[in-house]
Structures are given as structure tokens and as C-alpha cells.
Amino acid sequence: HWGPLSIKCAFHGKEFYHAGSKTVAVDDSSFLIFNEGKVYSSYIKSESKVDSFTINFNPAFVQEVVQGLQQSDIEVSSDVKKELRFVERLYPHNHSLTPLLLKLQQMSLSLYANKNRIAELFYEVLERLILSQKEIEQEVSAMTPIRHSTKQELYQRLHNAKDYIDSCFADDL
């Protein structure tokens, strides 16, 4: 698949995503972010029902949210001001985003009845994702290599290894 900026979730089991040489498992403890243009495949290998849930963000909608944040008094990451690119990794479910993701999943079962509220929740989810990048920027800045691009690359690689371990902890690594 090729996709837009998206959040990948799986509930009651695991869904595996393969992109490039990286394979990760999304489950009840985490969600995955893919940036626009990511090429990937996914599969579910389970005896029981697994609920796969993906939120795709239209590029025009993403731009609207970014511009709204830039015009507000809310401080956003300097990287977001340049170009909206997230670190593509597993993110642990948290008290900020998870309730919104679960609400969206529930409301998607009655899509037309909840259309306006779903649009509001999409905006809120993306806004919170963007704001969470400030924390990641601080984690990257705390790393010791000198060049910022080196710090970002090391951060991505460390999370690739962590995601692999988290996804395959039961297997012989």
C-alpha cells in the first residue's frame, strides 16, 4: 500500500506492518505513525478476531491543522514549522491520544450519524500528535552527537530497534 499520513491501531490482537526492512506489530499497547508517501504492507495472523483501525489524514486537512496551530498562541516544534514529518515508530497508547482514538473507532461504526463529531475528533487527534512532537524534539536535542540531523537519525534508528524488540519479544531475536 501507499498511504497518506496515518495512524495504525490494532485492538484485541496484533497487526504486523512491513515497510522497507522494518517489521513492527501494533497491538493494544501501541499505535504506529506513517508519514505521507510511505509504502508498506500489513497482515494479521490470529486465531481470534483482531480489530484493525487506521486513520488517514488528507494532505489539505493536515495543512489546515498546521496553519491553525501556527496562527494560535500554542508553541509547536520547529520541525513542524518547516515540514510535518513524524518519527515513524510505535508510540505507546497514552491518556492524551488513546481516548480520542477509541472514540473515533466507536463512532466509525455509525459513520454518517457521527460525521461532524468525527471531523472534530480528527482535528483534535492531529493537533495532539503535532504537539507531542515537541517532546520528541527535546529527546532528540538531549542526545550527544553534534549535528541535529545526526541526532534525528540516531533517534529513528534506536526506535526502529526498540519497535522490533517490542513487536517480536516472544520470538528468537
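The values are calculated or read from the model by the stated rules, or taken from the named source; none is laboratory data. If you're wondering where the values come from, they're calculated on a predicted model, not measured in any experiment. Cβ placement follows ideal geometry from the backbone for every residue including glycine, while neighbour counts extend to all protein chains displayed. Keep in mind that these areas ignore ligands, DNA and RNA; they rest on the heavy atoms of the full protein, side chains included. Shrake-Rupley method; radii C 1.70, N 1.55, O 1.52, S 1.80 Å.
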Subject >> Test: ASN94 is more than 22 Å from GLN152 (Cα to Cα) and not acidic (Asp, Glu) >> reply: yes
**OP:** Test TYR112 against the criterion of being hydroxyl-bearing (Ser, Thr, Tyr), in contact with a Gly (Cβ under 9 Å, 6 or more places away or on another chain) and either loosely packed, with under 15 Cβ neighbours inside 10 Å or modelled with pLDDT of 90 or more (or both), and give yes or no.
**Re:** no
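Looking at PHE61, is it within 23 Å of PRO92 (Cβ to Cβ) and open to solvent by less than 50 Å² (accessible area, probe 1.4 Å)?
Taking the combined requirement at face value, the residue does not satisfy it.
Only one of GLU127, GLU120, GLU83 is buried (at least 17 other Cβ atoms within 10 Å of the Cβ) and more than 16 Å from CYS9 (Cβ to Cβ); which?
Details: GLU120 fails: buried (at least 17 other Cβ atoms within 10 Å of the Cβ); GLU83 fails: buried (at least 17 other Cβ atoms within 10 Å of the Cβ).
Exactly one of GLU127, GLU120, GLU83 is buried (at least 17 other Cβ atoms within 10 Å of the Cβ) and more than 16 Å from CYS9 (Cβ to Cβ), namely GLU127.
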**OP:** Write out, first by first residue and then by second, each pair whose Cβ atoms fall under 8 Å of each other, whose residues are 6+ apart or on separate chains, and whose first residue, in region 11-26, is under 16 Å from VAL39 (Cα atoms) and open to solvent by 40 Å² or more (accessible area, probe 1.4 Å) while the second is assigned to a loop (DSSP other than H, G, I, E, B) and among the aromatic types (Phe, Trp, Tyr).
**Re:** HIS18/TYR40
Original post:
Looking at (1) over 13 Å from the mean Cα position of the chain (by Cα); (2) under 23 Å from PRO59 (Cβ atoms); (3) not small (Gly, Ala, Ser), can you tell me which one HIS95 breaks?
Top reply: (2)
Subject >> Positions within region 40-64 being aliphatic (A, V, I, L, M) and at pLDDT 95 or above, in sequence order >> reply: ILE44, VAL50, ILE55
